[in-house]
Structures are given as structure tokens and as C-alpha cells.
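Since every read-out is calculated from the coordinates, none of them should be taken as a lab result. Everything quoted here is computed from the prediction, not taken from an experiment. Backbone-built Cβ (ideal geometry, glycine too); neighbour counts: all protein chains shown.
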Amino acid sequence: MIAAEAAARPAALAPGVREEAVFLTLTVAGQWCAVPVLAVRDVLGPHAITRIPLAPPDVAGSLNLRGRIVTALDLRRRLGLPPRETQAQAMSVVVEQGGELYALLVDQVGEVMALPAEGFAPHPPTLDALWRDVSTGVHRQEDRLVIVLDVARVLAIG
Amino acid sequence: MDDLLADFLTETHEGLTALDSALVRLERAPDDQPTLSEVFRLVHTIKGTCGFLGLSRLEAVAHAAENVLGRYRDGTLPVTPAGITLILSALDRVKEIVAGLEATGAEPAGDDTALIGALDAAADGQDAPAAAAAPAAPAAQGRAGPEAPAPEPPAAARPSAEAAQHAPAAPPPDPAAEASAGAANAPQTIRVAVDVLEDLMTLVSELVLTRNQLLQLARAGGADAFAVPLQRLSHITSDLQEGVMKTRMQPIGNAWAKLPRLVRDLSHELGKKIELEMRGAQTELDRQVLELIRDPLTHMVRNSADHGLEPPAERRAAGKPETGRIILNAYHEGGHIIIEIGDDGRGLPVGRIRAKALANGLATEAELAQMSEREVLRFIFAPGFSTAQQVTAVSGRGVGMDVVKTNIEKIGGTVELASKEGRGTTFTIKIPLTLAIAAALIVEAGGERFALPQIGVVELVRVGSNQEGAPRIERIKDAPVLRLRDRLLPLVSLAGLLRLEPASREEGFVAVMQVGGQVFGIILDRVFDTEEIVVKPVAPILRHVTMFSGNTILGDGSVIMILDPNGIARAAGVGLDQGAEEGRGGVPAAGGMSSSASTSLLLFRAGEGGAKAVPLGLVARLEDIPGERIEMAGTTPVVQYRGGLMPLVPLMPGWVPPEGAARQPVLVFTENDRAMGLVVEEILDVLDERLVLQEGSGRPGYIGSAVIAGRVTEVVDTAYWLAQAGEDWFRPARAASPAMRPRLLLVEDSAFFRHLVVPALSAAGYEVTAVDGAAAALRLRDDGAAFEAVISDIEMPEMDGIAFAQALRAGGAWAEVPLIALSARAEPADVARGRDAGFTDYVAKYDREALLQSLRDCLTARQAA
């Protein structure tokens, strides 16, 4: 049901494109990233987040998404980037794993777009080990490089 | 009707309904293998269950039908319409018997030989319509319905016979089905998939949250028009919530139902006398959880009976009653369900477990030597571990406790055990409620809000320094404590535990919690209100944070973490071991002195021997003084302290000040602007203890010794050490000569308190005479002795303080003397009673400052008068 919902979205936005190659782009600290759109359940604007004491540092807190409690991960912290000025400006990309919802706090959400298969490249060997761990590869585009995140790996903390 | 039978009937009805339609399908498509298998399975299930329940008639019919179906399924017999008819008539018979069962609770009488014969014949491949005709006759006998009157067996047989010849378009007339439909009352129970209940529960949770949100909005907006319907909605929501919760809850007694029989059988088998006591059988818990703990519980009871309890002869020899007891106890506690399984048997053999652990290579000798008894006992949860010397039919095969533990842990529970050789073993299973709606206090600490489940909160105490009379949080070597009605409550700071920035304000709240047998306080900055919360489990990545039991959404839509009192108690290290508690029950020793109330004692280490103690009331402050600040004035070590010189008196011989910045713990005693420091090695603890003092160790500097926290502890004679600080300690400037010192009389039956109060008052510049009772005091009065003030205990043998006061006020030389009560009981009612009796003032035992202040007030008032 969830998958169907998500699947309907890219079909509407980018007709005729193979589903598995459709991504949602986003930025964290100026870096473009992408997550498979099928993994995305929701995109939220700035949201009140409750801090969770003693939680791993990557966990920004939890938020209420229409009656469901969503654990928010700060993608900047997760990727070892400097913290954002104020948390309130963060956007959230909500993903689901194992029946639980997680919100990835990002700076900006870009667009839903198809990434052609020929643009993918493996990680450069010099890439930060942390980044290598959480991403599946790099997608080359004309004006920028997009890191393709592996949602399961991003959520594998604590 | 017993539960098992009711379950069976419900299940069989479902099976029969499914069978009817499956058989009709089978008739249309005789080669449909899946349908055939389904039919076979359904009949097989019915047969199996009724065999188990001892329903022989039903079993025989189902068995015969199964045989035929078995051959169909194997393909050794072609499916024929006649065969199907036969099976259907067998099913009718089953329905008929089931209807009888439902009505009377027992199988109705009847003869099925003909039907079974026909079925057997069919199974042998004889497609005999004549045989098929036979069953109708006996079937009619068992039936009460008027549709099948006795004179018409051929009529009943005819449809079957016809059906055998022509492919029947419709099933044969089915009077049996009608009979059963008519006879069966509407079922009292229905079976609902747990998933459905689970979904309902989730929806109700959402409803509760929405209701809370609405209520909050109404409160803020004050929309009166909505008030009434909202109230109604709120009530209905609560009722609905309760109802849905109920559908999932079952009393734990259901899981215990089979235990009395089990224990009875075991006691016969093992030749032991066993009594099973079950407490809290009404404690409800989630159905699923109940199912999961049923087997572990049974296993543990079996273990207790087999290993735990001794045979009668052995029990007699050990001086125990012949009948051993197994106690099951269940109760709710702090959002958990606790189930205890205890016996009064021989206890676990620690030595044997240790040896076995070594032999099995679970631990090395060195490791074992370091382990506490408790840790050693936990080896019984290791896989394949059994210390039973003989493998009995009942247990001892080394499978079990590890499985028990695994099963309990699977549902997020824990299992603990306590055992004492010769006294018995108790297992404590703790299972968390994963799904519940609970009342919670919304509190704030470190700028964040949290939900504190109300179930563990005993009371809320407002604390602060700016309020007159409000209790204050005090600190003993960084450990915050609160004096709460004669007891010293250990406190934990929530902000501190959660590593949040603590609020700078002095005032706040302390939530007094009870977790297990332990009472402690949680320091909070603010308390808002109570709210119904739906406990939702936290995300898996946060499961390791044991301080929270879940999270929830508040009425205002914000997410809030739910505190777990157990986790907090664990993290704060308050009271995990009940063992210490047992040792503390002060048994009054003959000839010893005792004060009836408990006293706060400061425990410390100094010199050789064990811990030493001093009443906390005497100590003004605890200090850690850097060694470099300690100087020598002549032969006396001193330290500059609060604008004066404070002499230091070491409690241990041969003490040298520590070097450099190393810190020296010092107990500071003060009087006016004078201070004296008692040098000790280490401050250990503060305990509330009922003192039983054994006098006469004869060592200078010690009043005697007492058992404190299970250990012999010397109690320091403060007067002796104060004297060591220099003579002028006892001669304050304002008391120039002994003649000028106000004379006081202390009436106190407890020698311990006399030892405490006399030196303190002497040090404060009074000349004190102490007597051990009212009678002695009155003798002094009659002898013409004169005192400026009298201080008296209230609770004394023979003549108590109240009677003493009345006697004084009744007349005589001391009728006008200020009279101060010193009592452990300082509730307002007690104070009023004391004042009525003639006491001038009332001071809690033993508040040194308050007593001195009261004395000063009384004496000045007297001089002024």
C-alpha cells in the first residue's frame, strides 16, 4: 500500500522512466545527495523536534507526523558535516525501514528526477570512509556530482 | 462447560462450516487435489481434537470418515458422488453429536456402527448404496427433531440411495444440520484474529491522542459550546479504550490453571508434600504475553517441586514443616508485570553450581573466585546446565532454565533469582507492558519535557530555599538527599542523569518514587499536569537508552519521551540489592541501648577497624580540604576556614596531611563562629538506621558500636574529639565561668541520645544534667535542684514526656520552667499535643541547631519576663 503510494508519485512526476532509477535529490551543507524515491514516504518542511537525551549524536530527536512518531536523524551529523545554523530551517525527508519511520534532516529538498544509468560511477577511492559506507555511488551530472545514499546504511547507527 | 470444550466447539463449528463448502466443491471437481487435502486436514483435525478430549463417539465417526478421505487423497479410491454423500452424512452425524455436546456438555448416546460400517466399506472400495442407507436409522435416534420420525427410515434412506445413483445437484436434505442449528445457542464467544485487535488498539490509541488534543484546544480556546459534547466524547473514548484493552487482557490465573494438578501429580510422583499458593491470579496481562510465559512458568514450578523442595524426611531434619510450599505471586509494578515463583526448599547449591561451571568450562577458577554468589547462581541459565545428580522423569536433563530465560527475554522480560541455601529459591520474572495507555505526570528537567508514569510516583514534594518551611535539598559529598519525615531520601537529578543542563533555580520538585522495594526521589525543575498517554515503543535505534520506556504524543501535538522509573533507578544505582536491606532490620539485642526512632548516620572510614559512624545531626558540613592548605600551629594542624582558624583533629593515629593538592576529607563541627574539623580517611555513606548501641568497647573516643548496614560499626563520641581540639572549645567566650553557665536538665531514656545531646549542649555553653526518666527528674525537683530549662523526650517508658510536662505544670518549684520537648515525632498533631501538655517548645529529634535556637529563645524570654 505504501509502496503503491510511493510508486504512483514518480510515475506522475516523471512518466516513462524506470522506477528504480528515480531519485529525490537534496542538499546537505552544499553537497548534493540523492535517495531512491521509492524509499521516501514524505517530505516535510521545518517541524518541531523533541530532543532525546542520551540518544546517539546523529539523532536529532523525534517529531510528530500526523500521529506517528518519527525519529529524526540529522544528515549533516550523520555525514560528519558542520552543524546547521538553526535546526528550524531543516527540511525532513521521511523514509521507512522495518515499519518505523525516520526523518532525515536536510538543508534543501531538490526534485524528483531520473538518474540515467550511464551517469553512475563507483566511489573515488579517496572518498571519506564514512561517506563510502552510507552511499552506493556517485552520479555524474553536467554541473554537479550527486552522492547516492543507501537509506538502510544511513539508518544503521547506534 | 469447561474452557477446553468451549474452545473445541467453537473450532469444530468453524471446521464443519468449512468442510461443508469444501465437500460440495469436491463433488463438483473430484480431482481437485488441494480441496481434497483441505477436507482431509479438516476432518483429521476434528478427529485429533476429540480424541484428545476423550469424545469417543465423535472420534470413531471422524476416524471412519478420515479413512475414506485418506484413500481419496492418496488416489487409491476414486471420488464418487456416493462417497461424498456418505462423508456428508458422517459430517451430519458429527454435527448432531456436537449439538448434543453443546446442549449437555457430554456426548449424546447413540449407535454409529452402521454409519461406520458403511464408511469402512467405502474405504475398502465397496461402493454400496445399501450400506449408505443404513446410517439414517441410528442418526434418527440421536435426533430430537420431528423431521425424522421413526416410521420413515426408508424415506431418509431414499435420497441417499438416489443420490448414489444420480449425480445430485443439491446435497441431500440435511435435517441434522437444522437440528444442530436449532439446538445450538448463539455462541458466547467468537474468535477474532489478534491482528484485528491489534489494529483496533492502534486506532483507539490514536483516538485517545486526538481526544487529548481536542481537550487541550478547548481548554485554551474556552469554546463553551463544545464543552458538553467534548466531555461525552472523552468519556466514550475512555470506555472504548478500556473495552479494547480488555479484549487483549487475560488474568494470569489462566496460565496457572493447570498448575495445581501438575503439582498434585508431581507430589505423588516424587513422594513429597507440596502446597501451591497462588497470589494475584487476577493480575491481567496481554494475551500474547500470557501464551508466551505459560510454558516457562510450568517449567519453573516443576523445577521448584523437583529440585527445590526436599523430601519430607529431609525437611523434618532441617526443622522445617514437612509440607513444602511453592508460591506464585503476580502483580503490576511500574508498568511491568512481576511474577514471582518461590519455594521454601533447599535453595540452590552454590558450591555445586560453581564446580559445575568450572567443569563445563563456563568460567575459570580465577573468574569464579571474583564472582558474587548472585553471579554464580546465574549459571543455571546457561545452556545445558543442570546440577541435579539424578535425571528424573520430571526434570534434571539440563534443558530448561536456558530456554526459560530465552523465552522470557524474547518478550522483553528479565528473570532474576535469589536463593539461600536451606531457605529456598525465588525467581522473579519481569515483563514490560509494551502496549498500554497510562496516566503520566508531565514534568520538566533541563529545559525538556518528559512523561513520568504515575504508577511509580508515591508523592510530589515541593522543594526550595526561598520558601519558609519547605524542605531543602541537601548534599552529602555531591550526593543530593532530602529529609522527608524522619527519613533521608536519596535523590537523583533527572537533568543530571540525562546529561542536560540543570536549571539554576533553587526551587523545584522531587517526585518520590517507589521501584521495587526501593524509595528514591527524582529532582525535577517543574511539574505540569497529568495526561493520559499511549505508550509507543521507541525506534529500534534508541532501544539501548534504558532511561525511557517509550514515547508518546501529547495533547498539544508534541512528541515526548516516557521515563522508565526502573531504568532511572538502575542508572542512578539506587538500591538494587535487597540483600543489604535484610541485614538492616535492627534486632534489639538484650542489654543494648536503643533509640526508638531511626537516626541519620554518616558513615566514614578512619584508622584501622571497620567503618565508623557519627550522627549526621552533629555534623555541620563536610569538606574536602587540599593538603597544601593544612598548616601547623605548634603541634596542632589547622586550616584557614571562613575567616578563622579551624583546628583539625585526626581520628586516626599517626596521620600526616596529604601532599600538595591531594584532598583531605574533614567533618566540620561548628559552634557560633568557631569550627573544628575531624579528619577522616573517606566518607562512605549516609544511612537512616535504627541504632542499637552496644556500649563499652572501652576505646576512648567511641561511645560504643552498633550494627549498621549489616556491619559492626563504631560510633564516634564527638565530645571526646571536640575536647581534643583545644580546651577553649568547651569554654565559649560568653560563658566566662562555670557558675554563669545556664543549667539544663535533660530527661531522656535513651543513653544513646544522652551521649549525643549532652556533649553538644555542653559545647554550646550549658551545664547539663542528664537523667534517664521522668521519675528521676521529679526526684531532683523534690530535692530542690534548680534548672534554667528542662529538655525532655516524649516517648519514655513508665511516665512519658506528656505526663511529665503535666506533672511539672501542675505545680511545684518547676511550674514555670521552660520545657522543651525533643521528639522523633514532630508532626503538627504531636506538637499541638505537646503544647497542650505544657511544653514551651517542640524540637525534632535530633535537630541540634533548632534545639540551641529554642534554648536561646526560651532563656531570653525568661530573662526578659
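7 Å from Cα along Cα→Cβ at both B:H332 and B:S56: what's the point-to-point distance in nm?
4.8
Taking a cut-off of 16 Å between Cα atoms, list the lysines near B:K405, but don't count ones fewer than 8 places away on the same chain.
Result set, ordered by chain and number: B:K430.
Could you tell me which trypsin sites (Lys or Arg not before Pro) in the range B:206-265 are loop residues by DSSP with no more than 13 other beta carbons within 10 angstrom of their beta carbon?
B:K258
Taking the Cβ-Cβ separation of B:E242 and B:L460 as r and a Förster radius of 30 Å, what is the calculated FRET efficiency to the nearest 0.05?
Efficiency for this residue pair is about 0.70.
How much length is gained if the chain between B:L859 and B:A813 is pulled fully straight, taking 0.36 nm per residue apart and subtracting their Cα-Cα distance, in nm to one decimal?
Going from the current span to full extension adds 14.8 nm.
Can you give me the long-range amide H partners of B:V843? Hydrogens built in the peptide plane at 1.01 Å from N, cutoff under 5 Å, separation of 5 or more residues or another chain.
B:A821, B:L822, B:S823
Using a basic spin-label model with each label point 7 Å from the Cα along Cα→Cβ, how many nm lie between B:D847 and B:A479?
It is 2.3 nm.
Amide H of B:I625: which non-local residues (sequence gap of 5 or more, or other chain) have their own amide H closer than 5 Å, using H built in the peptide plane?
The answer is B:Q664, B:V666.
Using amide H atoms built 1.01 Å from N in the peptide plane, name the residues 5+ places from B:Y641, or on other chains, whose amide H lies under 5 Å from its own.
For B:Y641, whose amide H was placed from the backbone, the distant partners under 5 Å are B:M646.
Set the Förster radius R0 to 45 Å, insert the Cβ-Cβ distance between B:L233 and B:R25 as r into 1/(1 + (r/R0)^6), and round the FRET efficiency to 0.05.
Calculated transfer efficiency: 0.40.
Determine which lysines satisfy two conditions relative to B:K95: a Cα distance under 22 Å, and not lying fewer than 8 residues away in the same chain.
Straight-distance partners of B:K95: B:K47.
At 0.36 nm per residue, minus the direct Cα-Cα distance, what do B:D486 and B:E659 gain on full extension? Give it in nm, one decimal, please.
58.3 nm
Give, rounded to the nearest 20 debye, the magnitude of the charge dipole that the range B:194-248 has about its Cα centre when Lys and Arg contribute +1 at Cβ and Asp and Glu contribute -1 at Cβ.
In total the dipole reaches around 240 debye.
Can you give me the distance in nm between label points at B:E269 and B:M371, each placed 7 Å from the Cα along the Cα-to-Cβ direction?
Modelled inter-label distance: 2.9 nm.
Within 10 Å of each Cβ in peptide A:63-72, how many partner chain Cβ atoms are there on average? Round it to a whole number, please.
Taking the mean over all residues of the peptide, I get 5.
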